[in-house]
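Colleague: Supplied in structure tokens, the structure appears directly below.
Nothing in this text is a laboratory measurement; each read-out follows from the coordinates by a stated rule. Being a predicted model, the structure only gives us computed values, none of them experimental. Heads up, the Cβs are rebuilt from the backbone with ideal geometry, glycines too, and the neighbour counts pull from every protein chain shown.
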Amino acid sequence: MPIIAPSLLSANFLHLEKDCKMLNESMADWFHLDVMDGRFVPNISFGPMLVEFFRKATKKTCDVHLMIADPGNYAEAFKNAGADILTVHVEACPHLHKNIQQIKSLGMKAGVAINPATPIESLKDIISEIDLICIMSVNPGFGGQKFIPQTIEKIKALRKIINEKGYNVLLEIDGGVTLENALSILAAGADVLVAGNTIFKSSYPKETIQKLKQLS
Ligand code: DX5
Ligand code: ZN
């Protein structure tokens, strides 16, 4: 069964307690927390303070997706806030290996995200060191965008490499995941589905999570 990681970016921030409760009662596996700085991406979301509130509101894994420049300056703050997985972007990290070592030495799982235009080859020399690859299937910055279909080929190619070499790394797909396209994303080889709008804009979010969970 896939790992389902609802993106809280699409939650109603006036009803966060209610939305956290709903997720806690649901079949969701992780809380996907999207941090944006207005520099690496053209939007600003939230930082460690809110992650700390989410941490207190759930026992589920807090999967923190950093869409920020200079993530190394903030890794410790996110560890203190309670992140379990910390994901940084290849495009934001000229010293990616160093960033990964830092995240792991702080005791978190390390993830690396790539934008739609970034080739999977950029992961070649780091893949054996990381716990999660986040393939962006939209340009990061906003929820509710349309899935970029070329992502499917990227997932297939990465799945092949992971299986052939036996890497212990999860493949997460982030952006535009719907009940309609989720099956083909899983068939291509994804392990983790991030979903924001599909879950939070649905009339029955818990049922939608269950449907995503029971696909494949
Ligand atoms: C986009 C974020 C995603 C986003 C997903 O920059 O990284 O996690 O919130 O939202 P949907 O599922 O609505 O595309
Ligand atoms: Zn994300």
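Colleague: So for region 78-216, averaging the separation of alpha carbon pairs under 8 Å that are six or more residues apart and normalising by length, what relative contact order in percent results?
Modeller: Working: 211 pairs, mean separation 25.5, N = 139.
That works out to 18 percent.
Colleague: Lys/Arg Cβ at +1, Asp/Glu Cβ at -1, dipole of the chain taken about the Cα centre: which of L123, L212, S105 is farthest positive-ward?
Modeller: Farthest towards the positive pole: L212.
Colleague: Another question, then. If you find the alpha carbon centre of region 149-213 and of region 30-97, how far apart are they in angstrom?
Modeller: Answer, in whole Å: 20.
Colleague: Expressed as a rounded percentage, what relative contact order does region 1-153 have, with Cα pairs under 8 Å and six or more residues apart?
Modeller: It comes to 17 percent, rounded to a whole number.
Colleague: Quick one: if you stick a label point 7 Å off each Cα along the C-beta vector at S202 and T178, how many nm between them?
Modeller: Each label point is offset 7 Å from its Cα along the Cβ direction, giving 1.4 nm.
Colleague: Where does each of H97, H65 land when they are ranked from fewest to most other beta-carbon atoms within 10 angstrom?
Modeller: On the way: H97 11, H65 29.
Starting with the residue having the fewest Cβ neighbours, the order is H97, H65.
Colleague: If you take the charge dipole of region 3-213 about its Cα centre, with +1 on Lys and Arg Cβ and -1 on Asp and Glu Cβ, which of M27, I161, T178 is farthest toward its positive end?
Modeller: Of the candidates, M27 comes out farthest on the positive side.
Colleague: Taking H as built 1.01 Å from N, whose amide H comes closer than 5 Å to the amide H of L215, not counting residues under 5 places away?
Modeller: none
Colleague: Using a simple spin-label model with points 7 Å from Cα along the Cα→Cβ vector, what separation in nm is obtained for A69 and Q150?
Modeller: 2.6 nm
Colleague: While we're here: With charges only on Cβ, +1 for K and R and -1 for D and E, what is the dipole size of the chain about its Cα centre, in debye, rounded to 20?
Modeller: Details: 22 positive and 23 negative charges, 65 e Å.
Approximately 320 debye in magnitude.
Colleague: Of all the stretches in the chain, which is the longest one without any exposed loop site, taking trypsin sites (Lys or Arg not before Pro) in a DSSP loop (any state but H, G, I, E, B) with at most 11 other Cβ atoms within 10 Å? Mind showing how you got there, number by number?
Modeller: Values: sites that count: K59, K124, K146.
Answer - 147-216.
Colleague: Assigning unit charges at the beta carbon (Lys, Arg +1; Asp, Glu -1) and nothing else, what dipole magnitude in debye, to the nearest 20, does region 117-216 show about its Cα centre? Mind dumping the intermediate values first?
Modeller: Values: 11 positive and 11 negative charges, 67 e Å.
Magnitude of the dipole: close to 320 debye.
Colleague: Moving to a separate point now. What do the square roots of 5 times the Cα gyration tensor eigenvalues come to for region 3-213, in whole Å, largest first, as semi-axes of the equivalent ellipsoid? Could the numbers behind the result be given before it?
Modeller: Numbers: eigenvalues 111, 90, 47 Å².
After scaling each eigenvalue by five and taking roots: 24, 21, 15 Å.
Colleague: Same structure again: Looking at the square roots a ≥ b ≥ c of the eigenvalues of the Cα gyration tensor of region 89-216, which shape do they give, rounded for a/c under 1.5, prolate if a/b is larger than b/c, or oblate?
Modeller: Numbers: a/c = 1.76, a/b = 1.61, b/c = 1.09.
Prolate.
Colleague: In a shell of Cβ-Cβ distance under 15 Å around V192, excluding V192 itself, what net charge do Lys and Arg (+1) and Asp and Glu (-1) give?
Modeller: Values: positive: K60, K109, K154, R159, K213; negative: D29, D34, D63, D84, D131, E172, D174, D191.
Local net charge: -3.
Colleague: Next question. When Lys and Arg each count +1 and Asp and Glu each count -1, what net charge do the other residues less than 15 Å away from S122, Cβ to Cβ, add up to? Each step should come with its number before you reach the end.
Modeller: On the way: positive: K124, K154; negative: E91, E121, D125, E129.
The answer is -2.
Colleague: Once the Cβ-Cβ distance between N12 and K104 is put in as r, and R0 is 30 Å, what FRET efficiency do you end up with, to the nearest 0.05?
Modeller: Numbers: r = 35 Å, r/R0 = 1.15.
The value I calculate is 0.30.
Colleague: Net charge near D131: determine it from the other residues with C-beta under 14 Å of the C-beta of D131, scoring Lys and Arg +1 and Asp and Glu -1. Walk me through the intermediate numbers first.
Modeller: Numbers: positive: K104, K109; negative: D63, D84, E129, E172, D191.
Taking every other residue near D131 into account, the sum is -3.
Colleague: To the nearest 500 deg cm²/dmol, what mean residue ellipticity at 222 nm is calculated for the chain from DSSP H runs of n ≥ 4 alone, each contributing -39,500 (n - 2.57), summed and divided by the residues?
Modeller: Numbers: 8 runs with 72 residues, N = 216.
Value at 222 nm, helices only, nearest 500: -9500 deg cm²/dmol.
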